[in-house]
Amino acid sequence: MREIDITKAIIDKHIEELNKCLCSDVVIVGAGPSGLVAGSILAQKGYTITIFEKRLAPGGGIWGGGMGFKYVIIQKEALDIVEEFNIPYEKYSDDLYAVDAINFASGLILEAGKRGVHIFNLIAVEDLLVREGRVQGVVINNTFAKMNQFPIDPLTIEAKAVVDATGHEHEVVKTLSQKNDVTLNTPTGKPLGERSLFAETAEKAVVTNTKEVYPGLYVCGMATAAVYGGYRMGPIFGGMLMSGKKLAGLLEEALKA
Ligand code: 48H
Ligand code: FE2
């Protein structure tokens, strides 16, 4: 066994997979629960789905449960999605179900991989490709380059649609909204900012506000709160799952058209 054969296998496989994603059907930015659910549903239908995650571990805000206590809560309404992803859960009360946060994150990630979602970690989306008022792809860079503010130029990936699933940070929409010539599909044309904690209202709004925020750019999950002025909900995750599922439906319609 030669060590460089191992090296070559890794280089070959990585480049082979990245090449498949150069023209993706959908690029999802952020591998939190909403992005993983949307990506998994669409990949199962045969679309080429690429998720870029800037951190080492996909899973976003799931891992920490509530204040580091290792469970998250799912309401009954979203239980079908938990079951679809084969994630174990326990009934806690009439409406609330408890899911071990570690099972939840790892279950969503594994199912996405099995369904053929291309997840690349340690890559941050730093900008978008925009042509004639429409988002047509993403501009990506190495996370360490960004952390160290090294002057390294990025690479690009084309996509028929791009999704901001970056959670509270709403990094993609934020970056786009800073361009002079951009008006978002919000009442002010800019992100409205996240509001305080109000779980029930927040959970409903996150699904309602899952939509196209600019031609070719969609927003789902917690990013919807920052973009459309929604409340936060704390460690209840049904809204994230339902947002991902709704987004998959919207994108399927858009991609067919
Ligand atoms: C690549 C990026 C970039 C970038 C960020 O925060 P997430 O888990 O996202 P959601 O919306 O699916 O889930 C939100 C949920 O975790 C949560 O925070 C809840 C329910 N909060 C309630 C409350 O009251 O606080 O994941 C987003 C992912 C993360 O992994 C980021 O690292 C990643 O996106 N990301 N990846 N390029 N520019 N920016
Ligand atoms: Fe959060």
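The values are calculated or read from the model by the stated rules, or taken from the named source; none is laboratory data. Remember, predicted model here, so these are calculated numbers, not experimental data. Glycine also receives a Cβ, built like all others from the backbone with ideal geometry; neighbour counts cover every protein chain displayed. Keep in mind that these areas ignore ligands, DNA and RNA; they rest on the heavy atoms of the full protein, side chains included. Shrake-Rupley method; radii C 1.70, N 1.55, O 1.52, S 1.80 Å.
Couple of notes before you dig in:
- The stretch 216-229, residues that are more than 10 Å from ligand 1 (Cβ to nearest atom) and in contact with a helix residue (DSSP H, G or I) (Cβ under 8 Å, 6 or more places away or on another chain): 217, 218, 227, 228
- Selected residue (criterion: farthest from the chain's Cα centre (by Cα)) from residues of the stretch 73-83 that are open to solvent by less than 70 Å² (accessible area, probe 1.4 Å) and over 16 Å from residue 233 (Cα atoms): 79
- Residues (under 14 Å from residue 40 (Cβ atoms) and either at pLDDT below 95 or touching a Leu at 6+ places or on another chain (Cβ under 7 Å) (or both)) located in the stretch 88-123: 108, 109, 112
- The stretch 184-222: number of residues that are touching a Phe, Trp or Tyr at 6+ places or on another chain (Cβ under 9 Å), open to solvent by 30 Å² or more (accessible area, probe 1.4 Å) and closer than 27 Å to residue 139 by Cβ: 6
- Every residue from the stretch 125-144 that is touching an Asp or Glu at 6+ places or on another chain (Cβ under 8 Å) and open to solvent by less than 30 Å² (accessible area, probe 1.4 Å): 125, 137, 138, 139, 140, 141
- Selection status of residue 49, surrounded by 24 or more Cβ atoms within 10 Å (Cβ to Cβ), at pLDDT 95 or above and within 14 Å of ligand 1 (Cβ to nearest atom): no
- Residue check, residue 43 more than 26 Å from residue 233 (Cβ to Cβ) and more than 9 Å from ligand 1 (Cβ to nearest atom): yes
- Of residues in the stretch 52-72 being open to solvent by less than 50 Å² (accessible area, probe 1.4 Å) and assigned to a strand (DSSP E or B), the one nearest to residue 15 (Cα to Cα): 52
- For residue 199: the one exception among (1) in contact with an Asp or Glu (Cβ under 7 Å, 6 or more places away or on another chain); (2) within 13 Å of ligand 2 (Cβ to nearest atom): (1)
- Scanning the stretch 72-95 for residues that are within 16 Å of ligand 1 (Cβ to nearest atom) and in contact with an Asp or Glu (Cβ under 6 Å, 6 or more places away or on another chain) returns 75, 85.
- Residue 105 touching a helix residue (DSSP H, G or I) at 6+ places or on another chain (Cβ under 9 Å), part of a helix (DSSP H, G or I) and under 22 Å from residue 60 (Cβ atoms): yes
- Exactly one residue among 34, 40 is under 20 Å from residue 220 (Cβ atoms), in contact with a Cys (Cβ under 7 Å, 6 or more places away or on another chain) and small (Gly, Ala, Ser), and that residue is 34.
- Complete set of residues in the stretch 223-252 that are open to solvent by 20 Å² or more (accessible area, probe 1.4 Å) and closer than 19 Å to residue 185 by Cα: 228, 231, 246, 250
- Just one of the listed residues (82, 99, 26) is over 30 Å from residue 176 (Cβ atoms) and either touching a Gly at 6+ places or on another chain (Cβ under 8 Å) or not in a strand (DSSP E or B) (or both), and it is 82.
- Qualifying residue in the stretch 6-19 (condition: open to solvent by less than 50 Å² (accessible area, probe 1.4 Å) and under 23 Å from residue 249 (Cβ atoms)): no
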